[in-house]
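J.: If you scroll down you'll find the structure; I have some questions about it.
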Number of protein chains: 2
Amino acid sequence: MSQAAELSCVCGKSGNCVIYNRSVCAAGSAEDLAQLDRISHQRTYARGSVIQAQGEPCDIVGNIVEGVVKLSSTSVNGDDHIVGLLFPSDFFGRLFAEESRFSYEAATDVTLCTMNKPAFERFLVEHPAIEHEMLKATLDELDAVREWAAITNGHTTMQRVATLLYVFSRRAVNQHAKGNAPASRIVHVPLSRRDIADYLGTTPETLSRNIQMLARSKVIRNINAKHFELLNPAELIRHSGETRADLDRIASV
Amino acid sequence: MSQAAELSCVCGKSGNCVIYNRSVCAAGSAEDLAQLDRISHQRTYARGSVIQAQGEPCDIVGNIVEGVVKLSSTSVNGDDHIVGLLFPSDFFGRLFAEESRFSYEAATDVTLCTMNKPAFERFLVEHPAIEHEMLKATLDELDAVREWAAITNGHTTMQRVATLLYVFSRRAVNQHAKGNAPASRIVHVPLSRRDIADYLGTTPETLSRNIQMLARSKVIRNINAKHFELLNPAELIRHSGETRADLDRIASV
DNA sequence: CGATAACTTGATGTGACTCAACTTAAGTGG
DNA sequence: CCACTTAAGTTGAGTCACATCAAGTTATCG
């Protein structure tokens, strides 16, 4: 937070953007970025606030600069379901549609680089190279969502929990360090138990039991509610029911 | 089958394509279509045959002309998971990637309009308007996959079964008739029980029990394994746990 | 430091998976 | 074209993982 606050907008031509080299903006020329710079500006949202409500007309899109945004669907009987998590450099918002079928909510305090949706849509049509990047990114996202759907559906809660923990440990590495660095021993999961449960398709109670089970068997150690120490990564992978290669692929998206 | 066999390719300039007005080709000019016509040709696959194996390099893409293609993922322990079903006019294949993370298999006998992948990719880059349509279609698909993920995850098997039956009844209507015609009384689900189970994230046994339960309570009537008569649509909707509006939206994708 | 939310732990009921037998449908070759 | 074979679908019994309800414990924030 403190660091991101002093940075210019994501696509700023000054080039000091934290996520620049990982977002779609990377495909644009200096002039393109200058143009994007004009239609974008940074905004912060407190944890829990709604960025875009389900079914509401959406007028902003953009990139996550910092924090985690949850993409969720609330059914008629009131239970939430998280269908996606968005991390720094991920694009948010629903292009080319009147309204969003899902709600975008700040799962942590977040910093976003927001743009007026119609303005960005016009920009895309005028810049096929960047629209091409958007298409590629969307195709990757589609694969990732399907992969996650396959995981949440065919596996036990323990397998999902283990997968999530391992993927988060890898993702943190992918974002901070470069190359194929080993997984950090400390895993930070910045989500509440309820959000994790909604993402994994289970309840906070069952989730807690599984986490404690992993802690009792010395696979992880609970530092606090959102921090874990990875004592036995190999065992964690075994619990996930996936191969290491698959897990690393999921984490890389 | 018999009818599709005598039709020219999907994007044929002769304009007698069955799915033309629903596929991305609709955005192209006459010249564009002629160009597509040159790189595409129709192929048929027998039920059960693999169009594109998981993890294999993929060299073809295209549109479904007739039949149903299942997009599935096989995990290490061998159980299949269907992450998507493709119907006539849907695009298949993984653009801009070396290999497909999922396998494409013919769930019924299918007729495809296939194109050489690199050739179509080159075509897209040269035709931003059509690539724009691809992006919109992909965004729609992403929404649909997420919506389905939310359904399979938070609902009981009965709710999923009811949803599937209702959506299939609507989808058939959307494809054959035009406008907001009432749902047909006869629902045709051209998939095997195993495929349906893999799609719904359950087993053939549990699926069968739920279908028989609906039949016993006179909500549907089993004509044969793949055909059902809708005796009480309102009850079916009630069993699905969704609103009618939501179901219709799902079916329209 | 007190209040409220977040998380953990316990007890209990049940939906759905598993293994297994049976029935019906779909191919196949003589 | 019909017996034979094999696959597909249905039904049954038993078990278990997980949701639910409820109480207790630990964080978090004013």
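J.: Scan the range B:185-197 and tell me whether some residue there is within 29 Å of A:Thr152 (Cβ to Cβ), part of a helix (DSSP H, G or I) and more than 13 Å from DNA strand C (Cβ to nearest atom).
T.: The answer is yes; a qualifying residue exists.
J.: Within the bounds of the range B:224-233, is there any residue that is part of a helix (DSSP H, G or I) and surrounded by 13 or more Cβ atoms within 10 Å (Cβ to Cβ)?
T.: There is at least one residue in the range B:224-233 that is part of a helix (DSSP H, G or I) and surrounded by 13 or more Cβ atoms within 10 Å (Cβ to Cβ).
J.: While we're on this one: Search the range B:126-136 for residues being part of a helix (DSSP H, G or I) and either touching a Lys or Arg at 6+ places or on another chain (Cβ under 9 Å) or more than 7 Å from chain A (Cβ to nearest Cβ) (or both), and hand back the single one that is nearest to A:Glu147 (Cα to Cα). Spell out how you get there, then give the answer.
T.: Within the range B:126-136, the first condition is being part of a helix (DSSP H, G or I), and the residues that meet it are B:126, B:128-136.
From the residues that got through so far, the ones that are either touching a Lys or Arg at 6+ places or on another chain (Cβ under 9 Å) or more than 7 Å from chain A (Cβ to nearest Cβ) (or both) too are B:126, B:129-130, B:133.
Numbers: B:Glu126: 31, B:Ala129: 29, B:Ile130: 27, B:Glu133: 24 Å.
For the range B:126-136, the residue satisfying everything is B:Glu133.
J.: Quick check, is A:Val65 at pLDDT 95 or above, under 15 Å from the mean Cα position of the chain (by Cα) and surrounded by 21 or more Cβ atoms within 10 Å (Cβ to Cβ)?
T.: no
J.: Just checking, how many residues over the range A:74-125 are closer than 30 Å to B:Glu126 by Cα, more than 9 Å from chain B (Cβ to nearest Cβ) and among the aliphatic types (A, V, I, L, M)?
T.: Result for the range A:74-125: 2.
J.: What is the one condition in (1) surrounded by 21 or more Cβ atoms within 10 Å (Cβ to Cβ); (2) within 14 Å of chain A (Cβ to nearest Cβ); (3) more than 23 Å from the chain's Cα centre (by Cα) that B:Arg238 does not satisfy?
T.: Going through (1) surrounded by 21 or more Cβ atoms within 10 Å (Cβ to Cβ); (2) within 14 Å of chain A (Cβ to nearest Cβ); (3) more than 23 Å from the chain's Cα centre (by Cα) one by one, B:Arg238 breaks only (1).
J.: Here's a check for you: in the range A:25-50, which residue that is in contact (Cβ under 8 Å) with a residue 60 or more places away in the chain and among the hydroxyl-bearing types (Ser, Thr, Tyr) is farthest from DNA strand D (Cβ to nearest atom)?
T.: We begin by selecting, within the range A:25-50, every residue in contact (Cβ under 8 Å) with a residue 60 or more places away in the chain; these are A:25-28, A:32, A:35-36, A:39-47.
Still in the running and among the hydroxyl-bearing types (Ser, Thr, Tyr): A:40, A:44-45.
Numbers: A:Ser40: 30, A:Thr44: 16, A:Tyr45: 15 Å.
Checked the range A:25-50; the qualifying residue farthest from DNA strand D (Cβ to nearest atom) is A:Ser40.
J.: Return a yes/no flag: does the range B:110-121 have any residue that is in contact with a His (Cβ under 7 Å, 6 or more places away or on another chain) and over 29 Å from A:Asp248 (Cβ atoms).
T.: Of the range B:110-121, the ones in contact with a His (Cβ under 7 Å, 6 or more places away or on another chain) are B:114.
From the residues that got through so far, the ones that are over 29 Å from A:Asp248 (Cβ atoms) too are B:114.
Yes.
J.: Taking the range A:70-82 on its own, how many of its residues are touching a Gly at 6+ places or on another chain (Cβ under 9 Å) and over 13 Å from B:Asn153 (Cβ atoms)?
T.: Of the residues in that region, 4 qualify.
J.: A further question on this structure: Taking B:Ala106 as the residue in question, decide whether it is within 16 Å of DNA strand D (Cβ to nearest atom), within 27 Å of A:Asn153 (Cα to Cα) and not assigned by TED's automatic domain parsing to the domain that holds B:Gly55. Let's see the steps before the verdict.
T.: Details: within 16 Å of DNA strand D (Cβ to nearest atom): yes; within 27 Å of A:Asn153 (Cα to Cα): yes; not assigned by TED's automatic domain parsing to the domain that holds B:Gly55: no.
Spelling it out, it is not the case that B:Ala106 is within 16 Å of DNA strand D (Cβ to nearest atom), within 27 Å of A:Asn153 (Cα to Cα) and not assigned by TED's automatic domain parsing to the domain that holds B:Gly55.
J.: Kindly provide the set of residues from the range A:195-223 that are under 22 Å from the mean Cα position of the chain (by Cα) and without any contact (Cβ under 8 Å) to a residue 12 or more places away in the chain, ordered by number.
T.: A:Ala197, A:Thr203, A:Pro204
J.: Can you tell me which residue in the range A:125-147 is surrounded by the most Cβ atoms within 10 Å (Cβ to Cβ), limited to those that are touching a Phe, Trp or Tyr at 6+ places or on another chain (Cβ under 9 Å) and closer than 22 Å to A:Ala197 by Cβ?
T.: In this case the residue turns out to be A:Arg146.
J.: I'd like to know if the range A:102-115 contains one or more residues that are farther than 19 Å from A:Ile196 by Cβ and not in a strand (DSSP E or B).
T.: No.
J.: Determine whether the range B:37-60 contains at least one residue that is aliphatic (A, V, I, L, M), under 20 Å from the mean Cα position of the chain (by Cα) and modelled with pLDDT under 90. Working first, answer last.
T.: We begin by selecting, within the range B:37-60, every residue aliphatic (A, V, I, L, M); these are B:39, B:46, B:50-51, B:53, B:60.
So of that shortlist, the ones also under 20 Å from the mean Cα position of the chain (by Cα) come out as B:46, B:50-51, B:53, B:60.
Checking the rest, the ones that are also modelled with pLDDT under 90 come to none.
For the range B:37-60, residues aliphatic (A, V, I, L, M), under 20 Å from the mean Cα position of the chain (by Cα) and modelled with pLDDT under 90: absent.
J.: Before we move on, is B:Val145 assigned to a helix (DSSP H, G or I), over 20 Å from the mean Cα position of the chain (by Cα) and β-branched (Val, Ile, Thr)?
T.: Values: assigned to a helix (DSSP H, G or I): yes; over 20 Å from the mean Cα position of the chain (by Cα): no; β-branched (Val, Ile, Thr): yes.
Taking the combined requirement at face value, the residue does not satisfy it.
J.: Here is a list: A:Leu165, A:Leu139. Which entry is away from every other protein chain (no Cβ under 14 Å) and closer than 30 Å to B:Arg160 by Cβ? Even if it seems obvious, please write down each step before you answer.
T.: On the way: A:Leu139 fails: away from every other protein chain (no Cβ under 14 Å).
Exactly one residue qualifies, and that residue is A:Leu165.
Here's the yes/no breakdown for (1) within 12 Å of DNA strand C (Cβ to nearest atom); (2) modelled with pLDDT under 95:
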| site | (1), (2) |
| --- | --- |
| B:Thr152 | yes, yes |
| B:Gln159 | yes, no |
| B:Arg171 | no, yes |
| B:Ala177 | no, yes |
| B:Glu205 | yes, no |
| B:Arg216 | no, no |
| B:Val219 | no, no |
| B:Asp248 | no, yes |
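J.: Looking at the range B:217-244 only, could you name the residues that are within 13 Å of B:Ser169 (Cα to Cα) and either within 14 Å of DNA strand D (Cβ to nearest atom) or not assigned by TED's automatic domain parsing to the domain that holds B:Tyr166 (or both)?
T.: Across the range B:217-244, the qualifying residues are B:Ile220, B:Lys226, B:His227, B:Phe228, B:Glu229.
J.: Can I ask one more? Scan the range B:206-223 residue by residue and report those that are part of a loop (DSSP other than H, G, I, E, B) and surrounded by fewer than 15 Cβ atoms within 10 Å (Cβ to Cβ). If you could, list the steps in order and put the result at the bottom.
T.: So the first thing to find is which residues in the range B:206-223 are part of a loop (DSSP other than H, G, I, E, B), and the list is B:217-219.
Selection gives B:Ser217, B:Lys218.
J.: Exactly one of (1) more than 7 Å from chain B (Cβ to nearest Cβ); (2) in contact with a Gly (Cβ under 7 Å, 6 or more places away or on another chain) is unmet by A:Val145. Its number?
T.: (1)
The values are calculated or read from the model by the stated rules, or taken from the named source; none is laboratory data. Just so we're clear, the structure is a prediction, and the values are computed from it rather than from any experiment. When we count neighbours, we look across all protein chains shown, and the Cβ atoms used for this are built from the backbone with ideal geometry, even at glycine.
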